[in-house]
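Asks: Please see the structure below; I have some questions.
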2 protein chains.
Amino acid sequence: MAKRGVIIVAGGSGRRMHSALPKQFMMLGGMPVLAHTINTFSEALPGADLVVVLPEEHIPLWRNLASRFDIAAHRCVAGGKERFHSVQRGIEALSEGVEHIAVHDGVRALISKRLIVRAALAAESNDAVIPVIDVVDSYRRITDYGSEIFPRSELRIVQTPQIFSAQLLRRAYQQEYDTRFTDDASVVESISGHITLIEGERSNIKLTTPEDMGWAEWLLAHKE
Amino acid sequence: MAKRGVIIVAGGSGRRMHSALPKQFMMLGGMPVLAHTINTFSEALPGADLVVVLPEEHIPLWRNLASRFDIAAHRCVAGGKERFHSVQRGIEALSEGVEHIAVHDGVRALISKRLIVRAALAAESNDAVIPVIDVVDSYRRITDYGSEIFPRSELRIVQTPQIFSAQLLRRAYQQEYDTRFTDDASVVESISGHITLIEGERSNIKLTTPEDMGWAEWLLAHKE
């Protein structure tokens with residue numbers, strides 16, 4: 001019955017966190033990072049089919065951790081070698097009936113319900129919707145002879161959730177893996193789907209470093 | 001006698017901070033943001049000629065604020081219309097004898113002494129040194145027909161301090177202002193100076209939003 005499927009990709013090994021615990025399991029405002037992500041999606045898209053992709057060896061750890069917190073219903077599936085393969089497993093695990101599939105990074109735990117709803121609405125009339133934000137820094141591009149200024153007005157930073165028509169995404173993920181696939185939009189684009197950009201959120205970052213976690217704690221505490 | 005000149009550009013109007021107080025004057029770990037920047041440069045480059053460029057109307061405010069903290073000796077000069085003009089005023093204010101000039105954003109207050117020293121050493125054998133960092137996000141480039149994936153391996157985020165031979169920088173800033181000048185390297189490049197890239201620091205961000213300030217507080221508290 002679920003018209004919407006959500007794949008939360010939580011395959012990180014946590015190497016960059018200087019911590020044995022993968023970052024999606026770290027505590028943030030009294031709850032694991034991944035729990036925030038799951039609950040926000042569940043509240044934003046009631047009735048959605050929710051699949052979390054984890055490294056196989058972390059599934060027992062997550063089940064144990066999850067049982068101690070108030071986390072919305074979700075299924076866990078084991079991820080693959082690359083992110084691409086993990087998303088493939090997620091797609092296979094979703095119920096056949098879903099019409100739209102959202103793919104989200106598990107460590108983007110600060111995402112707002114508002115952005116999820118906005119992306120889901122945009123996906124009702126567009127095949128592939130991805131949130132992007134403007135860049136604030138100056139950039140240089142590495143060239144064969146050195147480097148050169150790159151016009152920042154042309155650049156956008158890509159975020160998730162990326163939401164696709166289920167048919168398009170399933171078709172795109174039947175391809176062979178290519179190292180140029182850095183996100184789901186790039187997989188879809190390679191079978192020439194048109195990508196619709198919507199406005200993302202500056203705070204919707206990937207929590208990857210200890211500093212990010214400190215920042216996230218501060219943000220949660222000042223959210224009201 | 002100072003062989004090195006430092007121009008700290010603190011011309012921001014603070015609009016993005018949701019605060020009447022420009023961000024360089026906000027408190028961070030018990031001191032104004034700008035005080036951290038000035039003191040770190042003073043400690044990293046002892047004896048350097050230190051000039052702070054401020055909007056003219058903020059100079060009395062800054063002097064008043066600065067008198068209440070332990071801040072290294074520096075001179076204040078009034079900025080111009082654009083950042084370009086502010087740097088011009090800074091260059092004019094520096095003593096004639098300086099051989100190298102570092103230009104730094106006042107709100108990059110989390111810069112380490114280590115990076116400043118590393119950049120200054122690199123500038124002794126290179127005309128134009130700028131710190132850059134790798135990007136971690138995925139990027140898209142806006143094109144005439146929509147947007148496309150942009151290979152992140154080619155991109156670097158530009159930081160400050162940018163350090164130049166004084167002769168080259170003075171010559172570059174004799175040009176007419178051009179809107180393509182987004183940083184000092186771009187000004188120097190337009191008279192075809194060669195730019196040397198060195199490794200920057202992820203924490204050397206521009207403090208521009210309330211969230212950045214929360215993050216900076218957390219970082220200072222966990223620095224030891």
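The values are calculated or read from the model by the stated rules, or taken from the named source; none is laboratory data. Since the model is a prediction, treat every value here as computed from it, not as a measurement. Neighbour counts are summed over all protein chains in view; Cβ atoms, including those assigned to glycine, are modelled from backbone coordinates with ideal geometry. Ligands, DNA and RNA are excluded from the accessible area calculation, which covers all protein heavy atoms including side chains. Shrake-Rupley method; radii C 1.70, N 1.55, O 1.52, S 1.80 Å.
Asks: What chymotrypsin sites (Phe, Trp or Tyr not before Pro) does segment B:90-173 have in DSSP loop regions with at most 14 other beta carbons within 10 Å?
Replies: Here the sparse-neighbourhood loop sites are B:Y145.
Asks: I've got another one for you. Can you compute the modelled spin-label distance between B:R171 and B:K223, with each label point 7 Å from Cα toward Cβ, in nm?
Replies: 3.8 nm
Asks: Go ahead and run the numbers for FRET between B:A78 and A:E57, Cβ-Cβ distance against an R0 of 41 Å, rounding to 0.05.
Replies: The formula returns an efficiency of 0.10 here.
Asks: Which of B:N126, B:N64, B:N39 moves most in a GNM of chain B, Cα contacts under 10 Å?
Replies: B:N64
Asks: Also: Using a Gaussian network for chain A with springs between C-alpha atoms less than 10 Å apart, which of these wobbles most: A:G97, A:G214, A:G146?
Replies: It is A:G146.
Asks: Defining the label point at 7 Å along Cα→Cβ, can you sort the distances from B:G29 to the same site in each other copy, shortest first, in nm?
Replies: Here B:G29 shows inter-copy label distances of 2.7 nm.
Asks: Run the simple label-point estimate for A:R152 and A:S192 please: 7 Å along Cα→C-beta, distance reported in nm.
Replies: Those two pseudo-labels are separated by 3.6 nm.
Asks: List the distances, in nm and shortest first, from the label point of B:A72 to the matching label points in every other copy, placing each point 7 Å from Cα along the Cα-to-Cβ direction.
Replies: Output for B:A72: 5.1 nm, nearest copy listed first.
Asks: Distance in whole Å from the A-onto-B rotation axis to the closest C-beta of chain A, together with the residue it belongs to, please.
Replies: Taking the axis that maps A onto B, the answer comes out as A:W215, 2.
Asks: Roughly to the nearest percent, how much of the accessible area of segment B:26-150 is carbon and sulfur, given a 1.4 Å probe?
Replies: It is 48 percent, rounded to a whole number.
Asks: Let me ask you something else. Show log10 I(q)/I(0) for segment A:26-152 at q = 0.09, 0.16 Å⁻¹, two decimals, from a solvent-free Debye sum over equal Cα scatterers.
Replies: -0.35, -0.90
Asks: Here's a follow-up. What longest range of chain B stays clear of loop-exposed trypsin sites (Lys or Arg not before Pro) (DSSP non-H/G/I/E/B, at most 11 other C-beta within 10 angstrom)?
Replies: Of all site-free stretches, the longest is B:82-179.
Asks: So the label point sits 7 Å from Cα along the Cα-to-Cβ vector; using that for A:L61, what distances do you get to the other copies, in nanometres, sorted shortest first?
Replies: Reported distances to equivalent positions: 4.9 nm.
Asks: I need the chymotrypsin sites (Phe, Trp or Tyr not before Pro) found in segment B:35-81, filtered to DSSP loop residues with at most 15 other beta carbons within 10 Å of theirs.
Replies: When the chymotrypsin sites (Phe, Trp or Tyr not before Pro) of segment B:35-81 are filtered for loop state and at most 15 Cβ neighbours within 10 Å, B:F69 remain.
Asks: Let me ask you something else. Could you please put B:E201, B:E154 in sequence from largest to smallest accessible area, using a 1.4 Å probe?
Replies: B:E154, B:E201
Asks: Sticking with this structure for a sec: Kirkwood Rh and Cα-based Rg: tell me the resulting Rg over Rh for chain A, rounded to two decimals.
Replies: Here Rg/Rh amounts to 0.96.
Asks: Another question about this same structure. Which length gain, in nm to one decimal place, applies between A:K113 and A:L21 when the Cα-Cα distance is subtracted from 0.36 nm times their residue separation?
Replies: The span from A:K113 to A:L21 would gain 30.4 nm if fully extended.
Asks: Tell me the total accessible area that B and A bury against each other, 1.4 angstrom probe, in square angstrom rounded to 100.
Replies: 3300 Å²
Asks: Using the structure shown, select from A:K206/B:K206; A:K113/A:K206; A:K223/B:K113; B:K3/B:K206; A:K23/B:K206; B:K23/B:K81 the pairs with a Cα to Cα distance greater than 23 angstrom.
Replies: A:K223/B:K113; B:K3/B:K206; A:K23/B:K206
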